[in-house]
Structure formats: structure tokens, C-alpha cells
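Single-structure report; data block below.
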Amino acid sequence: MIDITWGDSPLVLGLPHTGTDIPDDCLAPLNETGRAIADTDWHIDRLYSGLLEGASAVRTTVHRYVIDVNRDPSGQSLYPGQNTTGLCPLTDFDGQPIYADGQEPDAEEVERRRLAYHAPYHDALAAELDRIRAIHGFAVLYDCHSIRSRIPFLFDGPLPDFNIGTNLGATCDPQIEASVQRICEAADGYSSIVNGRFKGGWTTRHYGRPGEGLHAIQMELAQSTYLSAETPPWTYDDTRADRLRVHLANILETLSAWRPK
């Protein structure tokens, strides 16, 4: 359920949305839309694989429709007043129901899923960040995400290619944000934004405590940068991905080499 790669770099990769596993008891109440699991961060684990030797990584294999490990476990919205999906999503990113009528999880079921799937992911992630901080005196969490570039229910127009989130600079040292921003802005043929529609999910906001030696930054990639098309079967495009991986490797290497002053 939780895949962990132990490294010795200061950098820890979080992979909260690449999983496609749905236990039978969670699959049964889903409708056809839910079973299509369109809102997966398709192939993100493959995209980042091998980019930085020595990087740690924590990944859940469970799909976000079971429970979204990048949401506040209290259920509080990260983006008040904006369309979004919750801790246990009831709709997909297009606002369409993912459960059969009357089959939505109740509060007791949400809590069961939180304990079974949300808590173990964060227990593992917190433990790895603590281990790395003990080695280096600090740790940098890089939270890996991707999403379709056009989702009218969630945002207007096309999404930039690189979406950097630091909760308006609160979750990491300013030099971390600035370094990633410079790399993205210099990437020929790509667009980028800092703290735009995506300012960092619960993971980034929860672990990003620079005063305690924990720095966190989220990268939300437009899936058009590495998929053949943003439609099923969500095919990985080697040419696009290889071009993108050059810039991602630069980001990870820069973050791994960063040291607090």
C-alpha cells in the first residue's frame, strides 16, 4: 500500500496521486465515471524515476477516489470558495458524481478510510522526513503532481505547464522557491507560474515548516507536457517526457544541492 525508497539526499519526493488500487469494498459503490479513475496523476512515478540518485520517495498505491491523501484529514477545504474535490471525493474533476445514487461514503466510512489509507501514508512520509532531517539538519519535500491542462470546473483556460506551489512562500526557504522558478522560467517552450491556481496541497502546507528545518514545495505539471493525449488510455509519450525530464532533473539536482544559510 505504501512504497518507500530510502535515500541519503536531503530531498524527499512525495507521490500521493499515482496509485490506481481501489479495494473491492470501495470499488463496489462507484459508478462508471468513478471506475474510470480519470483523475489519476498518470505515470508521474515513471516520469520522475531515476532523475536523482539518492532521493527518497514515499508513494501510496491507493487511488485518490478511495481517499485523497493530499487533503486535510479534517475535511476542511484548501481553496475556500473554489470548486475542488474533498477528502473522500464525491465527484470527479469535471464535477460529475463518481458514486451510484445513495452509495456515497458516510462519516463513519470516511473515518475508516482515513485510518486505513490516509494515516499510513503520512506516517511514512513524516518518518522519512524526520530521518532525512536527522542526517542533514533539514529536509526538502518535493510533492509530485500532474493534472489535465484544461478542466473548466476547476480553472479557466489552459493551465501553465509548471505550477509551483509554496502557499505564498510560507512552506519553504525563499531561495528554494526562487531556484525552482528560475529553472521553470528558463525552460524553452514551457509556461510556468508560482502560487497560481495551485498553491500547494495539504501535504505541502502541513510539512512546510522552514523554521523547523522542513521545507516543502509542490509541482503540479500539466499532463499535456508528457502524455500523448489527456484522454484514455493516458499514454506516456517518450519524446515529450524525455524533453521534460531534462528540466525536472535540473530541479531535483538543484534542490538536493541546496543548503540553508
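The values are calculated or read from the model by the stated rules, or taken from the named source; none is laboratory data. Predicted model only: the values in this text are computed from it and were never measured. Because the Cβ atoms are built from the backbone with ideal geometry, glycine has one as well, and the counts that use them run over all protein chains shown.
For the stretch 166-182, give me each residue that is among the hydrophobic types (A, V, I, L, M, F, W, C) and surrounded by 20 or more Cβ atoms within 10 Å (Cβ to Cβ). Show your work before the answer.
Taking the stretch 166-182 first, the residues among the hydrophobic types (A, V, I, L, M, F, W, C) are 168, 170, 172, 176, 178, 180.
Those that are among the hydrophobic types (A, V, I, L, M, F, W, C) and surrounded by 20 or more Cβ atoms within 10 Å (Cβ to Cβ): Cys172, Ile176, Val180.
Taking the stretch 92-109, which residues are within 24 Å of Gly14 (Cα to Cα) and polar (S, T, N, Q)? First the steps, then the outcome.
Residues of the stretch 92-109 that are within 24 Å of Gly14 (Cα to Cα), as a first pass: 92-93.
None - no residue of the stretch 92-109 is within 24 Å of Gly14 (Cα to Cα) and polar (S, T, N, Q), so the list stays empty.
Give the residues of the stretch 202-251 that are among the β-branched types (Val, Ile, Thr) and surrounded by fewer than 19 Cβ atoms within 10 Å (Cβ to Cβ), sorted by residue number.
Thr231, Thr235, Thr239, Val246
Cβ-Cβ under 6 Å, sequence separation 6+ or interchain: first residue in the stretch 180-208 and farther than 14 Å from Glu220 by Cα, partner β-branched (Val, Ile, Thr) and modelled with pLDDT of 95 or more. Which pairs?
Matching pairs, first to second residue: Ile183/Ile251; Gly208/Thr171.
So His215 passes all but one of these: (1) over 28 Å from Gln82 (Cα atoms); (2) touching a residue at least 60 places away in the same chain (Cβ under 8 Å). Which condition number does it fail?
Checking His215 against (1) over 28 Å from Gln82 (Cα atoms); (2) touching a residue at least 60 places away in the same chain (Cβ under 8 Å), the one that fails is (1).
Considering Ala119, Ala134, Ala124, which residue is assigned to a helix (DSSP H, G or I), free of Cβ contacts under 8 Å to residues at least 24 places away in the same chain and hydrophobic (A, V, I, L, M, F, W, C)?
The match here is Ala134.
Going by the structure shown, is Arg133 over 20 Å from Pro260 (Cα atoms), surrounded by fewer than 19 Cβ atoms within 10 Å (Cβ to Cβ) and modelled with pLDDT of 95 or more? Break it down stepwise before answering.
On the way: over 20 Å from Pro260 (Cα atoms): no; surrounded by fewer than 19 Cβ atoms within 10 Å (Cβ to Cβ): yes; modelled with pLDDT of 95 or more: yes.
No.
Take the stretch 184-232 and flag every residue that is of a type in the set (A, V, I, L, M), more than 16 Å from the chain's Cα centre (by Cα) and closer than 18 Å to Cys172 by Cα. Spell out the reasoning first.
Step one: list which residues in the stretch 184-232 are of a type in the set (A, V, I, L, M), which gives 186-187, 193-194, 214, 216-217, 219, 221-222, 227, 229.
Still in the list and also more than 16 Å from the chain's Cα centre (by Cα): 186-187, 193, 214, 227, 229.
The answer is Ile193, Leu214.
Based on what the data block shows, is Leu141 out of contact with any Pro (no Cβ under 8 Å at 6 or more places or on another chain) and not in a loop (DSSP other than H, G, I, E, B)? Write out each step before concluding.
Details: out of contact with any Pro (no Cβ under 8 Å at 6 or more places or on another chain): yes; not in a loop (DSSP other than H, G, I, E, B): yes.
Yes.
Can you name every residue in the stretch 150-183 that is over 30 Å from Asp130 (Cβ atoms) and under 15 Å from the mean Cα position of the chain (by Cα)?
Kept after step one, since they are over 30 Å from Asp130 (Cβ atoms), are these residues of the stretch 150-183: 150-161.
Within the stretch 150-183, just Asp161 meets the criteria.
Can you tell me which residue among Ser49, Ser9 is among the hydroxyl-bearing types (Ser, Thr, Tyr), in contact with a Ser or Thr (Cβ under 7 Å, 6 or more places away or on another chain) and at pLDDT 95 or above?
On the way: Ser49 fails: in contact with a Ser or Thr (Cβ under 7 Å, 6 or more places away or on another chain).
Among Ser49, Ser9, only Ser9 is among the hydroxyl-bearing types (Ser, Thr, Tyr), in contact with a Ser or Thr (Cβ under 7 Å, 6 or more places away or on another chain) and at pLDDT 95 or above.
Within the stretch 145-159, how many residues are of a type outside the set (A, V, I, L, M) and either crowded, with 24+ Cβ neighbours inside 10 Å or in contact with an Asp or Glu (Cβ under 7 Å, 6 or more places away or on another chain) (or both)? Spell out how you get there, then give the answer.
Filtering the stretch 145-159 down to residues of a type outside the set (A, V, I, L, M) leaves 145-146, 148-150, 152-153, 155-158.
Checking which are either crowded, with 24+ Cβ neighbours inside 10 Å or in contact with an Asp or Glu (Cβ under 7 Å, 6 or more places away or on another chain) (or both) leaves us with 145-146, 148-149, 153.
Result for the stretch 145-159: 5.
Can you confirm whether the stretch 106-118 contains a residue that is farther than 22 Å from Ser74 by Cα, small (Gly, Ala, Ser) and out of contact with any helix residue (DSSP H, G or I) (no Cβ under 7 Å at 6 or more places or on another chain)? Steps first, please.
Start the filter on the stretch 106-118 by keeping residues that are farther than 22 Å from Ser74 by Cα, which leaves none.
Checked against the condition, which is being farther than 22 Å from Ser74 by Cα, small (Gly, Ala, Ser) and out of contact with any helix residue (DSSP H, G or I) (no Cβ under 7 Å at 6 or more places or on another chain), the stretch 106-118 yields no hits at all.
Identify all residues within the stretch 103-116 that are of a type outside the set (Val, Ile, Thr) and either outside any loop (DSSP other than H, G, I, E, B) or surrounded by 18 or more Cβ atoms within 10 Å (Cβ to Cβ) (or both); write none if there are none.
Correct list: Pro105, Ala107, Glu108, Glu109, Glu111, Arg112, Arg113, Arg114, Leu115, Ala116.
Pick from Ala100, Ala38, Ala127, Ala28: which is small (Gly, Ala, Ser) and surrounded by 15 or more Cβ atoms within 10 Å (Cβ to Cβ)? Explain how you work it out, then say what you get.
Values: Ala100 fails: surrounded by 15 or more Cβ atoms within 10 Å (Cβ to Cβ); Ala127 fails: surrounded by 15 or more Cβ atoms within 10 Å (Cβ to Cβ); Ala28 fails: surrounded by 15 or more Cβ atoms within 10 Å (Cβ to Cβ).
Residue meeting the stated conditions: Ala38.
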